[in-house]
1. Quick one: V580 ticks every box in (1) modelled with pLDDT of 80 or more; (2) open to solvent by 40 Å² or more (accessible area, probe 1.4 Å) bar one, so which box is it?
2. Go through region 1-48 and give me each residue that's among the hydroxyl-bearing types (S, T, Y), part of a loop (DSSP other than H, G, I, E, B) and at pLDDT 50 or above.
3. Within region 285-293, can one find any residue that is under 16 Å from T320 (Cα atoms) and over 13 Å from the mean Cα position of the chain (by Cα)?
4. Select from region 366-380 the residues that are part of a strand (DSSP E or B) and within 21 Å of C30 (Cα to Cα) and write down the one among them that is modelled with the lowest pLDDT.
5. Under the condition of being assigned to a helix (DSSP H, G or I) and not charged (D, E, K, R), which residue from region 418-429 is surrounded by the fewest Cβ atoms within 10 Å (Cβ to Cβ)?
6. For residues in region 707-744 being more than 25 Å from M809 (Cβ to Cβ) and of a type in the set (S, T, N, Q), which is least open to solvent (accessible area, probe 1.4 Å)?
7. Of the residues that sit in region 751-762 and are open to solvent by 70 Å² or more (accessible area, probe 1.4 Å) and either within 25 Å of C837 (Cβ to Cβ) or in a loop (DSSP other than H, G, I, E, B) (or both), which one is modelled with the highest pLDDT?
8. Would you say D288 is over 24 Å from A484 (Cα atoms), without any contact (Cβ under 8 Å) to a residue 40 or more places away in the chain and either of a type in the set (D, E, K, R) or open to solvent by 10 Å² or more (accessible area, probe 1.4 Å) (or both)?
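The values are calculated or read from the model by the stated rules, or taken from the named source; none is laboratory data. Just so we're clear, the structure is a prediction, and the values are computed from it rather than from any experiment. FYI the Cβ positions are ideal-geometry reconstructions off the backbone, even for glycines, and counts take in every protein chain you see. Protein only, heavy atoms only, side chains kept; ligands, DNA and RNA dropped before computing areas. Shrake-Rupley method; radii C 1.70, N 1.55, O 1.52, S 1.80 Å.
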Amino acid sequence: GTGKGKTITGSERSFLESPEQKEGLQTPLCHGDVTFLRLQGIVTDEQLLNCDPHVLGFLYDKYRSTKGVFAVVQAKDIVDHWIKAALKTLGRTDCDEPSLTSSPHFPLKEIPDENDPPLMDNVQSLCKTTIDPETGFPRKTITSFDCANEILYEFVIDVRESTIPGAGLGAFLTYVGARTLKEGKQKKVGDITPACTRYLTEAVLPGSGNGLTVKISGKDIHGDEHLMGDVDGVGLWKQYSASEDFIQSNDNITFCSYEFGCGLLELGRYAPWLPSDRKTNLVFGIKDFLFSNEPSGWRFDVPEDLNGYEQVVDFTNDITGEPHKKARSHVTTYVNEVGHSKHLTENVLSRDDQRTVFYYVCLKKPIERGETVELLVDYSETYEDMRERKGYGKANIKNGVKSDSDSYTRIQRNMKERSEMEQFISSYTEKDTEQLLTYLREKVLDGIIAATLSSLPSSEVEGPVNKMDIEKRKYEIFLRQWVARRRLHWTASRIRSHAQMLFSRHGLSLESAGLCGPLEIVSEDPFTIGMAVFVNGWAPENDPRPPYSGLAIIDDMTELRNGRRTFTISFERHKSMKEVPEEVLTHPTESEFNSASRRYRAEMDKKKAAETLPKRVAMIHETLQRMTWNQNLNRIIMSSSENCNSDDTENKKSSLLGVMQQELSEELLYILFTEKKLMNPFDKSEWCPLSSMLLKRLLGDIARLSMLEDYGSFDSQKALAQVLYKRATYAAEVVKKIAKNIRDNNQLNDRISYLAFQEQQSGKKRKFICVFPSDRTIETFQGIDDCQCIYLDQIRSVHFCINVQWYIMRQIVSVVHSLASTISWCQNDLYSLQKMCASVGVDASLATAPLKRK
């Protein structure tokens, strides 16, 4: 009955539920609720508002009990939810509550997190991915079948700008609506074609040769993988046609993964897409370093090992570091993560089957027809290093740690990364070294070398991309490839020294191997001493033993007068045969090799490795040579500066010259760090902003000068020395002016921050400066360490003096001299510590103490 006590007759109900009806509930309700309301004759929002909620609640409670539905929420509360939703739909309420914060049947707090909802059945013929002609990005349609209620849910996933600031592109799911079965199209299991076997079944009565007729009967016989009905059919038995048996529902049927009949939507594979996407962690570590950590944002760890190493799924291109064309053509690549944001909610689950990662949409909150949500996955702590570099990690949010957009912070992270990479390389075995260099030689080197033959981008952008972003992306890739080219050189120098130590145990050196060349080391003779061969059924004359077939090793070789050769071979259990003719020897196939015992195979592997070692060492040398930097690359970089607007600071930083200056600066800084010539560079508790700026500019100066063709010449080094003196003198003048202003005017100004250090105390950042004690004057100053610190937030009046000499010696001279000590000066009088102290106006005799500080 309805709220007015009116009874809906059978003929009226049939009319209301016919496909031609104009009525429809626009109030967002799940399919089960819509079905119940229609059974009561309620087919419009007005009818829902006019009903008696108490009567409707009673009927709903009875309906649930007959359906065997477990009641989590009381019926009256659900009916109250319907009424409020209908009022909002009709615009008759001023309520600002969201339309649906959770399912009225399953509040979010009631949903268990440990169990996934069941996976829904995707209708494969209606699920496809295409490229949107307007945006150039993938667009996926998903149609899933609710087997319990026999209803189709339709979705579209497209790619557009993410709602998360700085996240780039994102994947968005739009719920198109539901399609219900037409009246009279329901089919029972008995109406479906009975099961059949895949092939004709034959049987024979033993001993008679007569054929038998066999009848198979039983319970729940489903055949095999061939389901009933049309191959493109819908339903458990493929019994329905999506185009003919279903109609778009006039009701606003919602979708929630936790509603009865609904579940997870299979979004698709995340990775891998190509066989090459499966990599060892050994290889990926170097690749990620080369391409400036870009691949780490796309990697995925899986439990399965690969060739005895930890496996990483990585679908980035081996030449650009960006997702390759195949990955970019699927929407799963564009799903962003929630990170540590409290305002973002996970609605995509990531699951793997040991080697492959899949994404599934899980909507805890009901979504109504036409609604769009951004798809987000939660990776927990997996990508924390990458998050911190991009600025949304836990340390960024809670502790104010800066992203890589802050140059000082980025350099400190990169110093740590280089140190870890050096330790990583020093742990390589011979096998590790060969595997890594094989990967670089076969997958990376040719592409990077080709990309760095010009000062302008030449390679095309892979995969779908917004036309407006093509040039920008091309240039970003181009700069990343140049950095990779330089890092190949840096990596090669570390691998070379470690490999030399490894192979010196075998009496080999990379240099001697390089002089021979890989082609000269290995003979073209098909059979040589020490080689593994397969003997094809041979025995010496008058030998009682049966002919031998199996693996053997050539121990010796004899040249006969007629040009033929015979061999002495040895095989398992220390047995041997002499005068074996060449005609019975062949190179062993994989199956022949595997036929030997495990111990013998291991022995042969060892011999084979020793046999091929010179060739492998030569290939290592050749690969390392190709990875080495050359002067022509510097010419290309310097020529690019002609296209850079010298008045545009940001343009200079992002130019090829600017980016390579940063890279070379990091290399030089790492030398200072590892040789302990300058400890903890850019640490704000040890180095004031003035000192950090001085160091950064000097690193850039040296990096730029090192790319000139005459670098190392007298004129070049003279110019470098003048730069060092000039930079130091200017910085010293800044300190003196700040100190003079305090002494003469008895007041502070903003420039005092140039000299302020920063330390962390109880979660609060405090700044301090180094001064004389309040009862001292400059004239009574004795020692370089005779000073004290004062916090800027505690200054009430100016009764102190800046310790000028301390700042100049500790923060300026020590920085400049540390950098100067890395230069091999062609003449001693070009630079000296005494000249440096004279240029900044301090006593050189005071320089010993600060420069010994570690």
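1. (2)
2. Correct list: T27, T44.
3. yes
4. Across region 366-380, the extreme among qualifying residues is I367.
5. Keep residues of region 418-429 that are assigned to a helix (DSSP H, G or I), which gives 418-426.
Then drop every residue that is not not charged (D, E, K, R), which leaves 419, 421, 423-426.
On the way: S419: 13, M421: 19, Q423: 9, F424: 15, I425: 20, S426: 12.
Taking the candidates together, the pick is Q423.
6. S716
7. Here is the first cut: in region 751-762, the residues open to solvent by 70 Å² or more (accessible area, probe 1.4 Å) are 751, 754, 760, 762.
Then drop every residue that is not either within 25 Å of C837 (Cβ to Cβ) or in a loop (DSSP other than H, G, I, E, B) (or both), which leaves 751, 754, 762.
Details: R751: 81, Y754: 88, S762: 53.
Looking at the filtered set, the residue picked out is Y754.
8. In short, no.
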